[in-house]
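Read the structure below first, then the notes.
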Number of protein chains: 2
Amino acid sequence: MRYAVLGTGTVGRVIAAKLASLGHEVTIGTRDPQATLARTEPDAMGTPPFAQWQPQHSQVRLGTFAEAAAFADIVVNATAGAGALAALEAAGADHLDGKVLLDIANPLDFSQGMPPSLNPVNTDSLGEQIQRAFPRAKVVKTLNTMSCTVMVDPARVSGEHHTFVSGNDPDAKKTATGLLASFGWPTGNVIDLGDITTARGTEMLLPIWLRLWGALGHADFNFHIASA
Amino acid sequence: MRYAVLGTGTVGRVIAAKLASLGHEVTIGTRDPQATLARTEPDAMGTPPFAQWQPQHSQVRLGTFAEAAAFADIVVNATAGAGALAALEAAGADHLDGKVLLDIANPLDFSQGMPPSLNPVNTDSLGEQIQRAFPRAKVVKTLNTMSCTVMVDPARVSGEHHTFVSGNDPDAKKTATGLLASFGWPTGNVIDLGDITTARGTEMLLPIWLRLWGALGHADFNFHIASA
């Protein structure tokens with residue numbers, strides 16, 4: 001399969017590397033590839049420059065958002081959530097038409113201080129915004145409730161734990177569930193919450209995720225839904 | 001110990017019955033006890049009238065919010081979240097002064113349609129609103145992330161699962177944790193998230209809780225934090 005991963009940050013890199021390791025063709029999309037490659041300093045989050053990561057992942061290509069999306073069968077939104085709609089606009093609605101669009105981002109809002117809040121929240125979600133903006137894309141919200149290292153290696157966390165899928169298209173959710181299986185997620189550990197409005201619920205896990213990160217002192221944890 | 005349980009709905013009744021079964025003295029607080037006892041029809045949620053529940057729990061007294069709070073060593077807010085501040089105002093700040101106030105409610109907002117949203121949310125929480133309105137009460141947010149039947153009987157859910165405490169007063173959180181132990185919560189399954197602002201995180205679990213209730217078809221489930 002050919003994948004576009006939109007976003008050059010840690011999440012995008014980890015997902016792209018995993019997809020490439022599984023034998024997929026991967027293009028990472030960015031606003032301005034030359035500018036991305038020209039950076040020599042870590043970003044505000046301490047992430048090393050892309051040019052330092054790229055030589056160890058030479059099978060992963062870098063292109064514009066539009067080039068990546070045009071190339072791909074499946075598009076992964078791994079942008080910082082606040083930039084997601086702009087990135088997808090740049091990717092182009094025509095290049096998303098009919099494609100599965102995995103939205104693994106969260107709409108973190110740093111404008112209200114730390115810890116970040118969410119925008120949108122409560123009566124809307126980033127997943128829904130994306131689905132409304134690109135009605136012919138098949139948006140599936142998934143994997144947004146854990147660190148990216150756990151996304152691609154669920155065995156880092158002991159015992160049973162869950163990921164969720166939200167989306168309007170059952171076949172797209174099947175495609176997502178198949179990809180999750182290849183990442184190491186047993187299908188029984190993938191909970192289908194329903195349509196894309198259920199993305200509100202998974203995005204709203206972020207505030208407690210951030211507090212748990214603080215309380216536990218590490219990010220190798222995840223939500224498990226214990227049941228009768 | 002003497003407990004006030006504010007709220008005559010299902011949650012208040014289940015908590016009051018459990019506390020009484022543990023040998024505590026319990027008064028349920030309501031706005032107008034005569035009106036509460038006079039009801040003969042189930043409420044909008046199908047909850048049977050209080051007068052039908054009371055004869056099987058004759059050791060639980062019913063009083064005004066103020067009578068219940070004045071009587072109690074520890075106060076439990078089990079109101080519908082939207083009515084919590086009014087109920088606590090009626091209880092009276094003087095009757096909450098220096099007391100542990102367990103806030104187990106969620107600020108569900110039905111005005112935006114179904115499923116309910118939250119108000120406040122994101123940059124504030126009901127737990128914080130209560131702590132600000134009653135600065136001399138020792139507010140601990142806990143148990144608000146599960147059905148009331150699981151609150152008082154965690155063994156209904158298989159395997160390990162968690163509850164959370166949020167609050168500014170370490171001793172009050174110890175008191176809460178002790179009460180949780182008497183309900184069947186091993187201390188190792190109680191995660192201290194930090195100060196009362198962390199109540200935002202637990203209240204924001206409600207939207208996914210409601211969707212999981214739909215997806216699983218029953219309420220005997222709970223969040224477990226799986227960790228490395």
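Odds and ends about this structure:
- Annotation note: Cβ proximity below 6 Å between a residue of region A:208-228 that is more than 7 Å from chain B (Cβ to nearest Cβ) and closer than 20 Å to A:Thr142 by Cα and a residue that is buried (at least 17 other Cβ atoms within 10 Å of the Cβ) and of a type outside the set (Gly, Ala, Ser) (sequence gap 6+ or interchain) occurs for A:Leu210/A:Pro115.
- Candidate set from region B:78-99 (those that are in contact with an Asp or Glu (Cβ under 8 Å, 6 or more places away or on another chain) and not in a loop (DSSP other than H, G, I, E, B)); member that is modelled with the highest pLDDT: B:Ala84
- Per the listing A:Ala51, A:Ala78, the residue uniquely out of contact with any strand residue (DSSP E or B) (no Cβ under 8 Å at 6 or more places or on another chain) and of a type in the set (A, V, I, L, M, F, W, C) is A:Ala51.
- Residue within region B:215-228 that is surrounded by fewer than 18 Cβ atoms within 10 Å (Cβ to Cβ) and in a helix (DSSP H, G or I) present: yes
- Region A:196-214, residues that are closer than 14 Å to A:Met146 by Cβ and outside any helix (DSSP H, G or I): A:Leu205
- Counting residues in region B:163-171 that are more than 24 Å from A:Thr145 (Cα to Cα), in contact with an Asp or Glu (Cβ under 6 Å, 6 or more places away or on another chain) and at the interface with chain A (Cβ under 9 Å from one of its Cβ atoms) gives zero.
- Note on region A:106-115: among residues that are part of a loop (DSSP other than H, G, I, E, B) and within 10 Å of chain B (Cβ to nearest Cβ), the one that is nearest to A:Gly214 (Cα to Cα) is A:Pro115.
- Within region B:178-191, the residues that satisfy the criterion of being under 18 Å from B:Val139 (Cβ atoms) and surrounded by 17 or more Cβ atoms within 10 Å (Cβ to Cβ) are B:Leu179, B:Leu180, B:Val190, B:Ile191.
- Within region B:1-53, helices (runs of 4 or more DSSP H) holding 3 or more residues that are more than 15 Å from B:Ala78 (Cα to Cα): B:33-38, B:50-53
- Some residue of region B:34-49 being surrounded by 21 or more Cβ atoms within 10 Å (Cβ to Cβ), within 29 Å of B:Gln129 (Cα to Cα) and small (Gly, Ala, Ser): no
- Region B:176-207, residues that are at the interface with chain A (Cβ under 7 Å from one of its Cβ atoms), aliphatic (A, V, I, L, M) and within 16 Å of the chain's Cα centre (by Cα): B:Met204, B:Leu205
- Sole residue being under 19 Å from B:Val14 (Cβ atoms) and modelled with pLDDT of 95 or more, chosen from B:Ser125, B:Ser117, B:Ser158, B:Ser182: B:Ser182
- Which numbered condition B:Arg132 fails, given (1) exposed (fewer than 15 other Cβ atoms within 10 Å of the Cβ); (2) within 23 Å of A:Ser227 (Cα to Cα): (2)
- A single member of B:Pro135, B:Pro33, B:Pro116, B:Pro48 is over 15 Å from the mean Cα position of the chain (by Cα) and either among the charged types (D, E, K, R) or under 30 Å from A:Ile196 (Cα atoms) (or both), and it is B:Pro116.
- Scanning region A:149-189 for residues that are among the β-branched types (Val, Ile, Thr) and assigned to a helix (DSSP H, G or I) gives A:Thr149, A:Val150, A:Thr175, A:Thr177, A:Thr187.
- As a summary of the residue check, A:Asp103 satisfies the conditions (1) without any contact (Cβ under 8 Å) to a residue 24 or more places away in the chain; (2) closer than 27 Å to B:Met114 by Cα; (3) charged (D, E, K, R) except for the one numbered (1).
The values are calculated or read from the model by the stated rules, or taken from the named source; none is laboratory data. From a predicted model like this one, the values you see are computed outputs, not experimental measurements. Neighbour counts run over all protein chains shown; Cβ positions are idealised from the backbone, glycine included.
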